[in-house]
1. Please work out which residue is farthest from Leu59 (Cα to Cα), limiting yourself to region 1-42 and to residues that are among the β-branched types (Val, Ile, Thr) and surrounded by 14 or more Cβ atoms within 10 Å (Cβ to Cβ).
2. For residues that are in contact with a helix residue (DSSP H, G or I) (Cβ under 9 Å, 6 or more places away or on another chain) and either of a type in the set (S, T, N, Q) or farther than 21 Å from Ile82 by Cα (or both), tally how many sit in region 28-47.
3. Among residues belonging to region 49-93 that are surrounded by fewer than 11 Cβ atoms within 10 Å (Cβ to Cβ) and small (Gly, Ala, Ser), point out the one that is farthest from Leu22 (Cα to Cα).
4. Given the structure, is Pro15 at pLDDT below 95 and not basic (Lys, Arg)?
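The values are calculated or read from the model by the stated rules, or taken from the named source; none is laboratory data. For clarity, every value in this text was computed on a predicted model and none was experimentally measured. FYI the Cβ positions are ideal-geometry reconstructions off the backbone, even for glycines, and counts take in every protein chain you see.
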Amino acid sequence: MKILVLEKELPGAVPEKFKPHLKAEAYRVWELYQTGVIREMYFRSDCSSAVLMLECSSLQEAKEALATLPLVAEGLIDFEYIPLGPYPGLARLFV
């Protein structure tokens, strides 16, 4: 299952709270990328937040995987999870 994930900062998350955890965050993202959980990574050009494309067997698996990120564990960020499925509209061509 493909899941689009949008990062959101939590209230009280100020820049100086992020800095001590950024290297560990990057390392954990790399680990999740290496295992195939994170398939694509982007940074929004209109604001400072990440956009991830995950490949997981369920929404719960995706949430559990991203809960292991240091910035999530520290209560600095959370995510909006958008499960995706195949687009059915092209089937209209064949009826």
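1. Of region 1-42, the ones among the β-branched types (Val, Ile, Thr) are 3, 5, 14, 29, 35, 37-38.
Filter once more, so that each one left must be surrounded by 14 or more Cβ atoms within 10 Å (Cβ to Cβ): 3, 5, 29, 37-38.
Details: Ile3: 7, Val5: 11, Val29: 18, Val37: 12, Ile38: 13 Å.
Only one residue fits best here, namely Val29.
2. Number satisfying all stated conditions: 2.
3. Residue satisfying both the conditions and the ranking: Ala91.
4. Values: at pLDDT below 95: yes; not basic (Lys, Arg): yes.
When the stated conditions are applied, Pro15 passes them.
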